[in-house]
Amino acid sequence: MLDDMQKDLLKEYVNVFIGQAANMLSEMANQRVLLSVPEVEVINMADEVETAGKTFFKHGHIVSSSMRFGQDFSGRAHLIFPANKAKLLVDACMGLHFEDFGTELTKELADTDFDVLKEISNVILNSVVGEFSNLVGTRVDFGIPDVELVFVSEDEQKLYLKNDVYMLMLYTSFKLEEAEIDGVVIIALGLHSLNMVVEKIDKIIGEMNE
């Protein structure tokens with residue numbers, strides 16, 4: 001759906017968007033947060049050939065945060081971590097030292113952990129979606145993230161995302177000093193909203209080529 005030039009330019013913008021979210025997250029965790037260069041992909045969930053055998057996120061026990069956003073630019077944003085990685089991120093935000101992680105990671109997520117994850121999700125997803133709305137030049141209303149701990153097998157990944165049509169997959173990994181936290185941000189858009197992004201990218205490419 002995106003050619004190489006469109007994808008490269010979109011990746012540059014996403015890198016900035018995720019970087020801004022990481023700066024806010026670093027303040028919450030009270031330490032520097034490093035990010036890998038994000039990978040960007042647009043997937044049509046209705047295309048059986050395109051999605052056959054596709055891995056959308058690491059399967060198993062995951063913590064999934066989802067947030068609806070609307071107005072002219074609308075859709076649903078997901079932030080998905082493996083459960084043990086989510087616990088690691090919570091512990092960092094709670095001020096635990098890395099030498100404590102060996103014992104803390106064996107504990108189950110508590111209610112207070114979900115409160116922290118909701119705040120983390122709110123910061124990251126609001127930042128990314130807000131920057132996308134700024135890119136296309138429109139307002140967007142945010143919902144409150146829903147956070148859940150679920151088990152999703154590799155075969156059930158598409159089923160888990162069955163209510164969405166177009167996926168703007170943003171793959172990145174978070175690094176807190178010695179701890180790597182692999183997460184994926186998924187922006188699910190309707191065709192109209194996806195076209196708004198593509199049209200804006202094409203306009204920028206056209207201006208660059210003038």
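The values are calculated or read from the model by the stated rules, or taken from the named source; none is laboratory data. The model shown is predicted, which means the values in this text are computed figures rather than measured ones. Here Cβ is always computed from backbone atoms with ideal geometry, including for glycine, and neighbour counts include all displayed protein chains.
The table that follows gives values for the structure above.
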| quantity | calculated |
| --- | --- |
| Residue tally, condition in contact with a Leu (Cβ under 9 Å, 6 or more places away or on another chain) and farther than 15 Å from Leu194 by Cα, over the range 14-26 | 8 |
| Output for the range 38-71, where each listed residue is within 26 Å of Met196 (Cβ to Cβ) and at pLDDT 85 or above | Ser64, Ser65, Ser66, Met67, Arg68, Phe69, Gly70 |
| Subset of the range 196-210 (residues that are in a helix (DSSP H, G or I) and surrounded by fewer than 10 Cβ atoms within 10 Å (Cβ to Cβ)) | Gly206, Glu207, Met208, Asn209 |
| Residue ID - modelled with the lowest pLDDT, chosen from residues in the range 144-157 that are exposed (fewer than 15 other Cβ atoms within 10 Å of the Cβ) and in a loop (DSSP other than H, G, I, E, B) | Ser153 |
